[in-house]
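Step one of this worksheet: look at the structure below.
Laboratory data are not the source of any read-out in this text; all were calculated from the coordinates shown. None of these values were measured; they are calculated from a predicted model. Here the Cβ positions follow ideal geometry from the backbone for every residue, glycine too, while neighbour counts run over all protein chains shown.
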Amino acid sequence: MNRRKSRAGRSLENHVHYLLTRARIAHEMRPPDIDGNPDIVIPNSQSYHDRSYPVEKLFIMGVKTTCKDRWRQVLNEGKRVPHKHILTIQQGISSNQLREMRKRGVSLVVPERLQKDYPPGAMRILTVEKFIGHVRRQLSE
């Protein structure tokens, strides 16, 4: 069971890597030299460690098939970046958990077809396309 879950998580990471590569967004998967070992850092760990690189152009993203309480892991990853993103394919999360994520500076990225399963109003949830557009805008400024 654990191996199957691990394969599913790795497969989701591979899909996200493909989408970011196809969108021509520089990123690094599982950089070993960033505190907390985030799943993805945008644009790369070199920029993350360069204190002169603007923090507004850095993104830390966790990739989780399900969030449950595991979403809190991302809070300790890439501490230089105060606002984190989690991409998930979980079908629905409670309003309380979404509010807590928002308070803690975490944004959700959920494929558009799954967003109907989320309670309205608790948090603005990004589609994958909107996240990519947001990253592009921030990196080009």
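Computed on the chain, with alpha-carbon pairs under 8 angstrom and 6+ residues apart, the relative contact order is 18 percent. Only one of the values [x] 11.9; [y] 7.8; [z] 8.4 was calculated from this structure for mean projected area of the Cα convex hull in nm²; name its label. Here the calculated entry is [z].
If you put +1 on each Lys and Arg Cβ and -1 on each Asp and Glu Cβ, how big is the dipole of segment 2-140 around its Cα centre, in Debye rounded to 20? It would help to have the intermediate numbers written out before the result.
Values: 27 positive and 13 negative charges, 71 e Å.
Here the size comes out at about 340 debye.
Axis of helix 2-22 versus longest Cα principal axis of the chain: the two differ by about 50°, to the nearest ten degrees.
Taking Cα atoms only, the orientation of helix 128-140 departs from the longest principal axis of the chain by about 20 degrees. Putting +1 on Lys and Arg Cβ atoms and -1 on Asp and Glu Cβ atoms, find which of 19, 29, 65 reaches farthest to the positive end of the dipole of segment 1-118. Farthest towards the positive pole: 65.
How high is the FRET efficiency between residue 129 and residue 66 when r is their beta carbon distance and R₀ equals 30 Å, given to the nearest 0.05? Don't jump to the answer; show the numbers that get you there.
Working: r = 22 Å, r/R0 = 0.74.
Step by step, r from the Cβ atoms, then E = 0.85.
Highest mean packing first, where packing is the average number of other Cβ atoms within 10 Å per residue, the peptides 117-130, 81-94 line up as 81-94, 117-130.
Report the antiparallel proportion of the DSSP beta bridges in segment 10-95 as a percent, rounded to a multiple of 5. Let's see the in-between values first.
Values: 5 of 9 bridges.
Within segment 10-95, antiparallel bridges account for around 55 percent of the total.
Please list, in order, the residues from segment 117-134 whose amide nitrogen is less than 19 Å from a point placed 7 Å along the Cα→Cβ vector of residue 94. Counting backbone N atoms under 19 Å from the label point, the list is 117-124. Converting phi to 3J(HN,Hα) with the Karplus coefficients 6.51, -1.76 and 1.60 and the offset θ = phi - 60°, segment 101-109 yields 4, 4, 4, 8, x, 10, 10, 9, 10 Hz in sequence order, with x at every glycine or proline.
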